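Chemist: Pasting a structure below so you can have a look.
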């Protein structure tokens, strides 16, 4: 199954040579599930010709806000709506989670409660899963028809399901703890409060359930559709 990765951000230059860029992380996360990947750096204005060019789409994280004025934001929202209309499955992670909600009529904003960093527990109803977080922006109003799959005390709309069209997750299952540590030492300096970084550093050895989420993403992509 061919999955198109819509890349909306770039890993820091200091980390990418050793740890890879975001498409590399998703290929590693979903390894063994029978997918091949094609990357479109939409952050640089490179888009697919049509939503049918791939059998599913995955929108990455980004340092940008979904509400910011970038020339690629509106075309990406249109692409999302077109993919939903064509029932080509779309998965969104962090920024991807937010831009899908915004494209479908929800609201995203910089959360007044601050940042969520590092291993974080999410209530998925039947189980609690721990995944790496890295965000301040949140979906504060979910679109009509979106079902909440997961929440935390910090983030009410932590995972959303749009029937068989979209699956979105605020956390970063593709982020290793080593990568989060690297972000804390590079991108976070002067941006994320020092006490929050110090506290997050004490949790970096907490086991993650990234493979559980990878299996759910894979099952969503492969589910039969009319």
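Chemist: Just checking, does region 165-186 include any residue being more than 23 Å from residue 25 (Cα to Cα), buried (at least 22 other Cβ atoms within 10 Å of the Cβ) and either at pLDDT below 95 or touching a strand residue (DSSP E or B) at 6+ places or on another chain (Cβ under 8 Å) (or both)?
Modeler: No, the conditions are met nowhere in region 165-186.
Chemist: Now a separate question. Yes or no: residue 129 at pLDDT 95 or above, touching a strand residue (DSSP E or B) at 6+ places or on another chain (Cβ under 8 Å) and surrounded by 14 or more Cβ atoms within 10 Å (Cβ to Cβ)?
Modeler: Answer is yes for this residue.
Chemist: Enumerate the strands (runs of 3 or more DSSP E) found wholly within region 121-212, keeping only those where 2 or more residues are over 15 Å from the mean Cα position of the chain (by Cα) and within 30 Å of residue 86 (Cβ to Cβ).
Modeler: Passing ranges, in order: 137-141, 147-150.
Chemist: When the residues of region 7-33 are filtered to those that are part of a loop (DSSP other than H, G, I, E, B) and out of contact with any helix residue (DSSP H, G or I) (no Cβ under 8 Å at 6 or more places or on another chain), which remaining residue is surrounded by the most Cβ atoms within 10 Å (Cβ to Cβ)?
Modeler: Here the answer is 21.
Chemist: Within region 141-158, can you find the residues that are closer than 17 Å to residue 96 by Cα and surrounded by 17 or more Cβ atoms within 10 Å (Cβ to Cβ)?
Modeler: 142, 143, 146, 149, 150, 155, 157, 158
Chemist: On to the next question. Filter region 89-103 down to the residues that are farther than 30 Å from residue 204 by Cβ and either out of contact with any helix residue (DSSP H, G or I) (no Cβ under 8 Å at 6 or more places or on another chain) or in contact (Cβ under 8 Å) with a residue 60 or more places away in the chain (or both) and list them by number.
Modeler: Passing the criteria: 89, 90.
Chemist: Still on this structure, I have one more. Select, from 37, 47, the only residue that is within 22 Å of residue 224 (Cα to Cα) and outside any helix (DSSP H, G or I).
Modeler: Among 37, 47, only 37 is within 22 Å of residue 224 (Cα to Cα) and outside any helix (DSSP H, G or I).
Chemist: What tally of residues in region 75-97 results from selecting those that are under 13 Å from residue 162 (Cα atoms) and either buried (at least 19 other Cβ atoms within 10 Å of the Cβ) or in contact with a strand residue (DSSP E or B) (Cβ under 9 Å, 6 or more places away or on another chain) (or both)?
Modeler: Count: 9.
The values are calculated or read from the model by the stated rules, or taken from the named source; none is laboratory data. Fair warning: this is a prediction, and the values are worked out from it, not measured in the lab. Note that each Cβ is placed from the backbone with ideal geometry, even for glycine, and that neighbours are counted across all protein chains shown.
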